[in-house]
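Working notes, beginning with the structure itself.
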Amino acid sequence: MSEDFSGKAALVTGASRGIGLGIARELLSRGAAVTITGRKADQLAEAAAKLTSDTGGRVLALQGNAGDEASREEVVARTVEEFGSLDVLVNNAGINPQFGFLMDADLNAVRKIFDVNVVAALGFTQLAWKSWMGEHGGAVVNIASVGGIRSTGVIGAYGASKAALIRLTEELAWQLGPKVRVNAVAPAVVKTKFAEALWSGREEEGTRAYPMKRFGNPEDVASLVAFLCSNAASWITGETVRVDGGLLATGTAG
C-alpha cells in the first residue's frame, strides 16, 4: 500500500515539467500539499492547474530561480507559511548548458552548472533545516544522475556536478541525522524535454544498452522518490539509488 502523506508538505524544485512535475504529481496523489517552483511563470501556472485538476491536491506555485539566494528564501518561507510545515524537500532543479570536449568548455557555464546543480541544493537544504526540519525532522531527496557515477564523454561538467551532489548527499546524511534523512536518486536517460537531445530520434539505438530496453519516464523516478521520503525508508539515508533500467550493470553510461 502506498504511504499516505496527508498532513505533510513538500517542496519540489524545477517542477514545471519533466521529472520534477512527475514527482510533484506522485506526492500530491499520496496526500501531500506541494509547492512547485520553476523559472518560467507560464509553464509553472500550467503545471499547477494540471496538477490540481488531476489530483485535487493543494498546490502552491512559486516562480523563482534556484540559483538565486533571495528566491530560495522566499520559496521556503512561503511554503512554511502556506502549509504550516516543510516535511519533504526534493532538489530537482538542474541545468546543463555545456556539452562536449571539456577543454573547450566555457568556464562561466561550468560555474553556473555547479551553482544551480550543487550549491542551490545545499542552499535549499539549509533553509529547510532552519525553518522546519531541524526541529521537526523530514526527508530530503536530491536528483542526481548516472552521469555522476560513471563518465559519459559528452556531458562532463554536468556529470561532475552530479558527482558532487552525490557526495554532498552523503555528507548531509551524516550531519543531519537522525532528524533528517538525505538520499539521492540517479536516473539514466528519462524522456523529458531537458534530456531530449539524448533520446529523441534514437530510441531503438539508444536503448540497446539497457537491459529493460527502454528509456525512463518521469513516473519511474517519482515512485522511487516517494518511497525514499516515506516511513517505509526510515532506515535509509546517505544512499544514492540508481533508477536506470539496468544501464550501469552493463558497463556503460550510454
Just from its helices, what would the mean residue ellipticity at 222 nm be for the chain, if runs of 4 or more DSSP H residues each count -39500 (n - 2.57) and the sum is divided by every residue, rounded to the nearest 500 deg cm²/dmol? -12000 deg cm²/dmol
Expressed in nm², what is the orientationally averaged projection area of the convex hull enclosing the Cα positions of region 52-134? 7.0 nm²
Binned Cα-Cα distance frequencies in the chain - 5 Å width, integer %: 1, 7, 14, 19, 21, 17, 12, 6, 2, 0, 0
Please give the helix 41-55 orientation as an angle from the longest Cα principal axis of the chain, in degrees from 0 to 90, rounded to the nearest 10. 70 degrees
Arrange the peptides 219-225, 233-239 so that the one whose residues have, on average, the most other Cβ atoms within 10 Å appears first. 219-225, 233-239
Volume of the Cα convex hull of region 121-174, divided per residue and given in Å³: 66 Å³
Can you pull the percent of Cα pairs in region 34-98 with separation above 17 Å? 44 percent
Roughly what angle does helix 69-83 make with the longest principal axis of the chain, taking Cα atoms, 0 to 90 degrees, to the nearest 10? 50 degrees
Could you tell me how many degrees, from 0 to 90 and to the nearest 10, lie between the Cα long axis of helix 156-176 and the main elongation axis, the longest principal axis, of the Cα atoms of the chain? 40 degrees
Amide H to amide H under 5 Å from K191: which residues, 5+ apart in sequence or cross-chain, H placed 1.01 Å off N in plane? G216, N217
Amide H to amide H under 5 Å from R242: which residues, 5+ apart in sequence or cross-chain, H placed 1.01 Å off N in plane? A186
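Pick out, in residue order, every one of the chymotrypsin sites (Phe, Trp or Tyr not before Pro) in region 95-201 that is DSSP loop and has at most 11 other C-beta atoms within 10 Å; say none if there are none.
Values: sites: F99, F101, F114, F124, W129, W132, Y158, W174, F194, W199; in loops: F99, F101, F194.
Taking region 95-201 and a limit of 11 other Cβ atoms within 10 Å, the loop chymotrypsin sites (Phe, Trp or Tyr not before Pro) found are F101.
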For Y210, other-chain or 5+-apart residues with amide H closer than 5 Å (H placed, Pro excluded) are none
Let me check the size of region 1-151 from its C-alpha atoms; what are the radius of gyration and Dmax in Å? 15.7, 50
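Read the figures in this text as sums done on the coordinates, not as results from a lab. These figures come from a predicted structure and were not determined experimentally. Neighbour counts are summed over all protein chains in view; Cβ atoms, including those assigned to glycine, are modelled from backbone coordinates with ideal geometry.
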